[in-house]
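Here is the structure we will look at, set down as structure tokens.
The values are calculated or read from the model by the stated rules, or taken from the named source; none is laboratory data. What you are looking at is a predicted structure, and each value in this text was computed from that prediction instead of being measured. Using ideal geometry, Cβ is built from the backbone for each residue, glycine included, and neighbour counts are taken over all protein chains shown. Just so you know, the surface numbers come from the protein's heavy atoms only, side chains and all, with ligands and any DNA or RNA stripped out. Shrake-Rupley method; radii C 1.70, N 1.55, O 1.52, S 1.80 Å.
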Amino acid sequence: MYIAALEFGDIDLVDQCSKQLCKKFPGSVRVRRLLGMQYEYNGEYNLALDLYDTLLAENPSNLLVLKRKVCAYKSKGDLK
């Protein structure tokens, strides 16, 4: 539901889901990745990239986080 809410721009639902997920699963990599997606949606690409770097430092083989990092760079316009 979180991702669908992001895609449709329902920020109130995104915030509600985010609070519930953070409360139920504190420190979860999946929840932090979703938070990074919210940063991307808000145009806060540097915050998203910092978060993804932190997650990759914890687990360099996390391909889902690596893919999000690539998406953030592409959205930012950095196609290197």
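Got a sec? Which residues in segment 10-40 would a label at residue 47 touch, if it sits 7 Å along Cα→Cβ and we count backbone N under 12 Å? Under cut-off, by backbone N: 35-40.
Rounded to whole numbers, the Karplus 3J(HN,Hα) couplings from phi for segment 54-67 are 5, 5, 6, 5, 6, 8, x, 9, 7, 5, 5, 5, 4, 5 Hz, using 6.51 cos²θ - 1.76 cosθ + 1.60 with θ = phi - 60°, and x at Gly and Pro. Among 62-70, 31-39, 2-10, the peptide with the highest mean count of other Cβ atoms within 10 Å heads the list, and the full ranking is 31-39, 62-70, 2-10. Per residue, the chain exposes 69 Å² of solvent-accessible protein surface, assessed with a 1.4 angstrom probe and all protein chains in place. The radius of gyration of the Cα set in the chain, together with its Dmax, comes out at 12.4, 38 angstrom.
Leaving out ligands, DNA and RNA, and with a 1.4 Å probe, what % of the accessible surface on the chain is carbon or sulfur?
56 percent
For the pair residue 54 and residue 8, the difference between a 0.36 nm per residue extended length and the Cα-Cα distance amounts to 13.8 nm. Counting 0.36 nm for each residue step from residue 19 to residue 61 and taking away their Cα separation leaves a gain of 12.4 nm.
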